[in-house]
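Trainee: Input: one structure, supplied below.
The values are calculated or read from the model by the stated rules, or taken from the named source; none is laboratory data. Every value quoted in this text rests on a predicted model; they were computed, and no experiment measured them. Virtual Cβ from ideal backbone geometry, glycine too; neighbours counted across all protein chains shown.
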Amino acid sequence: MSLAEASRLVEALRGELAKVIVGQEAVIADTLTAFLAGGHCLLRGVPGLAKTLLIKTIADAVHLKFSRIQFTPDLMPSDILGTEIIEDDRATGSRQIRFLPGPIFANIILADEINRTPPKTQAALLEAMQEYQVTIGGKRHPLPRPLFVLATQNPIEQEGTYPLPEAQLDRFMMNVVIGYPTAEDERRMLARTTTGDEPNASPVATGDDIERARRLVRDVPAASNVVDLAAKLVRATRPQSTDEAPEFIRQWVRWGAGPRAGQALLLAGKARAVMAGRPAVSLDDIRAVAAPVLRHRVLVNFQAEADGVDAESVVTRLIDEVCAR
């Protein structure tokens, strides 16, 4: 796939999403960035902001298999991965074990309200998201490509929820925060969704198109100064092991981002360049994707909580300081 073809593909996807989703351009851009970069995305926002609708519309715009998993406290790992059953062969009287695939065997997977299930079940996604396979009964089952996991999380309801383990969070390339719509967008949304007309997205891409676009993203060159910026941003989040961390990081941060964050910064930056039709990733691309890549990988300490400082404000300040050097 050429750069021009990839850019046209992205514009076609944007056009289909715009038929259904009103506004939220930044959220759509970040979600498509993770999609093209080959990563997974965590969408965080209060109820009613079209998180689930956005994910379903992406599935409608791409000719791929879609699965929705509603996470609940009683959900078990086998409800996601699948299970083995024993079948009787009536002709021979013998028994055999057959594997029944779960909803994880799809291309686009909506993990709805992922924090409503215990870590035991959340962890069922770990192997799938990282290695594109699941292991059941000691046997490995490869998952179809492309694989795109989008999880939603409600940040305001804490009763009956389970925080995602850090290992689970690190598997998400980007953590996209969805805010309230603007006054104009909300007016348009109300006018559009209270009529009998229900707009739908049409498929404009295939799985092969997405895979070729993802290979193109990895082929985009990154200059040494771009790689240096990604490395500096990640290393500056770590208060213990490096001297690059600013004083406020040492004061407020318990654990910083790992090497996977640097990989995510570069891949997301490359995807952003491809989406804009540019042949190389720039410093501005890295800065633009830094917040959604780092905000869920920085863990603040008790001092930060006592000072009323959260991970979002720490990451924003860090980006401003490191990118200004």
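Trainee: Does Ala37 satisfy the condition of being out of contact with any Phe, Trp or Tyr (no Cβ under 6 Å at 6 or more places or on another chain), modelled with pLDDT of 85 or more and within 27 Å of Arg192 (Cα to Cα)?
Mentor: Criteria not met by Ala37.
Trainee: Against the condition more than 23 Å from Ala34 (Cβ to Cβ), touching a residue at least 12 places away in the same chain (Cβ under 8 Å) and of a type in the set (Val, Ile, Thr), how does Ile319 come out, does it pass?
Mentor: no
Trainee: Name the pairs: first residue in the range 77-91 and assigned by TED's automatic domain parsing to the domain that holds Ala151 and at positive phi, second residue β-branched (Val, Ile, Thr) and surrounded by 12 or more Cβ atoms within 10 Å (Cβ to Cβ), Cβ to Cβ under 9 Å, at least 6 apart or on different chains?
Mentor: Gly82/Ile104; Gly82/Val134; Gly82/Ile136
Trainee: Looking only at residues that are among the β-branched types (Val, Ile, Thr) and surrounded by fewer than 17 Cβ atoms within 10 Å (Cβ to Cβ) in the range 177-224, which one is farthest from the chain's Cα centre (by Cα)?
Mentor: My answer is Thr195.
Trainee: One residue is enough: does the range 13-21 have a residue meeting the conditions over 27 Å from Asp208 (Cβ atoms), among the hydrophobic types (A, V, I, L, M, F, W, C) and buried (at least 17 other Cβ atoms within 10 Å of the Cβ)?
Mentor: No, there is no match, as no residue in the range 13-21 is over 27 Å from Asp208 (Cβ atoms), among the hydrophobic types (A, V, I, L, M, F, W, C) and buried (at least 17 other Cβ atoms within 10 Å of the Cβ).
Trainee: Right, another one. Would you pick out the residues in the range 1-52 that are basic (Lys, Arg) and in contact (Cβ under 8 Å) with a residue 24 or more places away in the chain?
Mentor: Result: Lys19, Arg44, Lys51.
Trainee: Given the criteria outside the structural domain of Ala151 (by TED's automatic domain parsing), in a helix (DSSP H, G or I), over 24 Å from Leu13 (Cβ atoms) and without any contact (Cβ under 8 Å) to a residue 12 or more places away in the chain, does Arg250 qualify?
Mentor: So Arg250 fits the description; yes.
Trainee: If you don't mind, another one. Among the listed residues Ala291, Ala261, identify the single one that is out of contact with any strand residue (DSSP E or B) (no Cβ under 9 Å at 6 or more places or on another chain) and either surrounded by 16 or more Cβ atoms within 10 Å (Cβ to Cβ) or at pLDDT 90 or above (or both).
Mentor: So the residue among Ala291, Ala261 that is out of contact with any strand residue (DSSP E or B) (no Cβ under 9 Å at 6 or more places or on another chain) and either surrounded by 16 or more Cβ atoms within 10 Å (Cβ to Cβ) or at pLDDT 90 or above (or both) is Ala261.
Trainee: Hey, among Arg214, Arg238, which residue is of a type outside the set (A, V, I, L, M, F, W, C), in contact (Cβ under 8 Å) with a residue 12 or more places away in the chain and outside the structural domain of Asn107 (by TED's automatic domain parsing)?
Mentor: Selected residue: Arg238, the only one of Arg214, Arg238 that is of a type outside the set (A, V, I, L, M, F, W, C), in contact (Cβ under 8 Å) with a residue 12 or more places away in the chain and outside the structural domain of Asn107 (by TED's automatic domain parsing).
Trainee: Separate question: Give the range 256-303 a look and list any residue that's out of contact with any Pro (no Cβ under 9 Å at 6 or more places or on another chain), of a type in the set (Lys, Arg) and not in a loop (DSSP other than H, G, I, E, B), or say none.
Mentor: Arg260, Arg272, Arg287
Trainee: Right, next: Across the range 238-256, which residue is modelled with the lowest pLDDT among those that are buried (at least 19 other Cβ atoms within 10 Å of the Cβ) and either closer than 15 Å to Val309 by Cα or of a type in the set (A, V, I, L, M) (or both)?
Mentor: Looking at the filtered set, the residue picked out is Ala245.
Trainee: Still on this structure, please answer the following. Please go through the range 41-86 and give me each residue that is crowded, with 23+ Cβ neighbours inside 10 Å and not hydrophobic (A, V, I, L, M, F, W, C), ordered by number.
Mentor: Result: Lys51, single match.
Trainee: Among what's in the range 302-315 and is over 22 Å from the mean Cα position of the chain (by Cα) and either among the charged types (D, E, K, R) or surrounded by 15 or more Cβ atoms within 10 Å (Cβ to Cβ) (or both), pick the residue that is nearest to Val176 (Cα to Cα).
Mentor: Here the answer is Val309.
Trainee: From the list Asp320, Asp307, exactly one residue is of a type in the set (Asp, Glu), touching a Phe, Trp or Tyr at 6+ places or on another chain (Cβ under 9 Å) and closer than 28 Å to Pro155 by Cα. Which is it?
Mentor: Asp307
Trainee: Under 6 Å between Cβ atoms, at least 6 apart or on separate chains: pull out the pairs that start in the range 107-128 with a residue that is of a type in the set (Ser, Thr, Tyr) and end on any residue that is at pLDDT 85 or above.
Mentor: Pairs found: Thr117/Phe71; Thr117/Leu75; Thr121/Leu75; Thr121/Pro77.
Trainee: Return the residues of the range 143-197 that are without any contact (Cβ under 8 Å) to a residue 12 or more places away in the chain and outside any helix (DSSP H, G or I); say none if nothing qualifies.
Mentor: If the condition is that a residue be without any contact (Cβ under 8 Å) to a residue 12 or more places away in the chain and outside any helix (DSSP H, G or I), then Glu157, Gln158, Glu159, Thr194, Thr195, Gly196, Asp197 are the ones that fit.
Trainee: Same structure, new question: Do you know which residues across the range 55-69 are closer than 19 Å to Glu25 by Cβ and either assigned to a loop (DSSP other than H, G, I, E, B) or without any contact (Cβ under 8 Å) to a residue 40 or more places away in the chain (or both)?
Mentor: none
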